Structures are given as C-alpha cells and as structure tokens.
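The values are calculated or read from the model by the stated rules, or taken from the named source; none is laboratory data. Values in this document were obtained by computation on a predicted structure and should not be read as measured data. No Cβ is skipped: glycine too gets one built from the backbone with ideal geometry, and neighbour counts run over all protein chains shown.
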Amino acid sequence: MRPGLWERVKGDLRRSFLERRAALSQEERRRQSRAVLDRLRRLPPVRAAQTIAGYHPVGSELDDLEFIEECVGRGRRVALPRIDGVELSFHAWRPGDDLERNPVRILEPLRSAPAVPPAALDLVLVPGVAFDRRGHRLGYGKGFYDRLLKQVPLVARVGLAFDLQVVDALPDEPHDVPLGWVLTPGETLTNHGPQH
C-alpha cells in the first residue's frame, strides 16, 4: 500500500474509533475504567512493579488515575509522560503535584519534576485509540510510545482499553512495538491469546 494511502487508512480508523469512544457516556467510561483497573491489579507483572509509568487521561481516554494514586499510596514510584520534541520523557509524580497543559492540551508534570529514565521503569501503562488481539495499537499518529517502547524491550507493557477499542487485527508496520498485554473490562489479552 502506498505511504499516503496507508496514512489515510490509519487516519480514517483513528477518527472512527475516537468518535465511538467519545460516544460512551461518562458513567459507562467510569464503569469500564474501574473494571479494567480491577483486572490490572491482578496482573502478576503489575503486582511486582516498583516503578510505574502511567498517563494522565485526556478527553475520553480510559482513566488510570485511581490505580496510579493507589500505587503512590503503597510506596511505589510513579512517573507520568512529558512530550519533549519528538520523544516522551517521564517525570516523578505524586497526587497534588502541579501539572501543566502542553500545546496539545494534555496535562503533564512540570519540567522541573525529577526525571525517571526509561531503564528504571518496571511497567508502562499505554493509552491508545484502538488495540488488537495481537497486542498492536493504533495511537494518535505521532509515534511517541513506539519510540519509547523500543528503548525498554523487557519492560511490562500494558494497554488499557474500553471494549469497543479492541478488534481482531489492526494494520501494523515494522516499526510498531506490540504490547505484552491489553486489558479490557472482560478480557486480559496477551500475545498468547485471551484469558478471561
């Protein structure tokens, strides 16, 4: 497929999934987020992780903040991403720490917050627009997480998704980095198939 056509196909998919996700009611997003976080808490690599990269949800994204706050309360180190040019950097965060909006309106830690190098991470929670059953994801089109995940190939990588964000297969490219797990309210998907 020609590069321009490929980008249009991914753009159309992205728009379709974002519209579907935005159509979920706030209560349904809360319900599904809680169910996914319950599943996340039981995942063995999550229970063992001491340094966790979360994200601050934007728009209709699945909300991981309750889990992140619990981790801080249990003495784990939590980091949130900042967009620095074409890369993500991670900075320590605790509830109550100041956040600022970046140019695309996502809340992120202040530049002065202590940096957490990717090599120090035990677990990365990954947002996305859509996911498939092989662990591939469709992001927002900038490649931030693909570049990050290439730096930490042995880190547990977990995508968090509403039911409607998961399909059997998404178009993928050689530079895409699959996730180890994708969690939905009803399934724990791994590279080895679903677990209920």
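Given the options Gly135, Gly75, Gly96, name the one that is within 26 Å of Asn191 (Cα to Cα) and either more than 18 Å from the chain's Cα centre (by Cα) or part of a loop (DSSP other than H, G, I, E, B) (or both). Exactly one of Gly135, Gly75, Gly96 is within 26 Å of Asn191 (Cα to Cα) and either more than 18 Å from the chain's Cα centre (by Cα) or part of a loop (DSSP other than H, G, I, E, B) (or both), namely Gly135. Of the residues making up the range 128-168, those that are more than 19 Å from Tyr55 (Cβ to Cβ) and at pLDDT 90 or above number 7.
Of all residues in the range 152-180, those being surrounded by 22 or more Cβ atoms within 10 Å (Cβ to Cβ), within 28 Å of Val116 (Cα to Cα) and in contact with a Leu (Cβ under 7 Å, 6 or more places away or on another chain) number 5. State the number of residues belonging to the range 68-105 that are farther than 17 Å from Val124 by Cα and touching a His at 6+ places or on another chain (Cβ under 7 Å). Counting residues in the range 68-105 that are farther than 17 Å from Val124 by Cα and touching a His at 6+ places or on another chain (Cβ under 7 Å) gives 1.
Test Val36 against the criterion of being assigned to a helix (DSSP H, G or I), touching a strand residue (DSSP E or B) at 6+ places or on another chain (Cβ under 6 Å), among the hydrophobic types (A, V, I, L, M, F, W, C) and at pLDDT 95 or above, and give yes or no. In short, yes.
So, Leu62, is that one outside any helix (DSSP H, G or I) and either surrounded by fewer than 12 Cβ atoms within 10 Å (Cβ to Cβ) or hydrophobic (A, V, I, L, M, F, W, C) (or both) or not?
On the way: outside any helix (DSSP H, G or I): yes; either surrounded by fewer than 12 Cβ atoms within 10 Å (Cβ to Cβ) or hydrophobic (A, V, I, L, M, F, W, C) (or both): yes.
For Leu62, the condition - outside any helix (DSSP H, G or I) and either surrounded by fewer than 12 Cβ atoms within 10 Å (Cβ to Cβ) or hydrophobic (A, V, I, L, M, F, W, C) (or both) - is met.
So which residues in the range 15-27 are part of a helix (DSSP H, G or I) and either in contact with a Phe, Trp or Tyr (Cβ under 7 Å, 6 or more places away or on another chain) or free of Cβ contacts under 8 Å to residues at least 60 places away in the same chain (or both), if there are any at all? Selection gives Arg15, Ser16, Glu19, Arg21, Ala22, Gln26, Glu27.
Could you go through the range 43-51 and let me know if any residue there is within 15 Å of the chain's Cα centre (by Cα) and either of a type outside the set (A, V, I, L, M, F, W, C) or in a helix (DSSP H, G or I) (or both). For the range 43-51, residues within 15 Å of the chain's Cα centre (by Cα) and either of a type outside the set (A, V, I, L, M, F, W, C) or in a helix (DSSP H, G or I) (or both): present. Please specify each residue of the range 71-119 satisfying the condition of being touching a strand residue (DSSP E or B) at 6+ places or on another chain (Cβ under 6 Å), among the β-branched types (Val, Ile, Thr) and free of Cβ contacts under 8 Å to residues at least 60 places away in the same chain. Of everything in the range 71-119, those that are touching a strand residue (DSSP E or B) at 6+ places or on another chain (Cβ under 6 Å), among the β-branched types (Val, Ile, Thr) and free of Cβ contacts under 8 Å to residues at least 60 places away in the same chain turn out to be Val72, Val78. Every test in (1) over 23 Å from Ser60 (Cα atoms); (2) in contact with a Lys or Arg (Cβ under 7 Å, 6 or more places away or on another chain); (3) among the hydrophobic types (A, V, I, L, M, F, W, C) is passed by Val155 save one, and that test is (2). Quick check, is Phe131 of a type in the set (Phe, Trp, Tyr), under 19 Å from Ala22 (Cβ atoms) and either surrounded by 15 or more Cβ atoms within 10 Å (Cβ to Cβ) or free of Cβ contacts under 8 Å to residues at least 12 places away in the same chain (or both)? Yes.
I'm checking my understanding of the structure. Among residues of the range 112-122 that are under 11 Å from Arg77 (Cβ atoms) and among the aliphatic types (A, V, I, L, M), which one is surrounded by the fewest Cβ atoms within 10 Å (Cβ to Cβ)?
Our first condition is that a residue be under 11 Å from Arg77 (Cβ atoms); within the range 112-122, this holds for 114, 116, 120-122.
Of the ones still in play, those that are also among the aliphatic types (A, V, I, L, M) are 116, 120-121.
Numbers: Val116: 22, Ala120: 15, Leu121: 22.
Looking at residues that are under 11 Å from Arg77 (Cβ atoms) and among the aliphatic types (A, V, I, L, M), I get Ala120.
Take the conditions (1) out of contact with any Phe, Trp or Tyr (no Cβ under 8 Å at 6 or more places or on another chain); (2) within 23 Å of Leu123 (Cα to Cα); Gly54 misses just one of them, which is (1).
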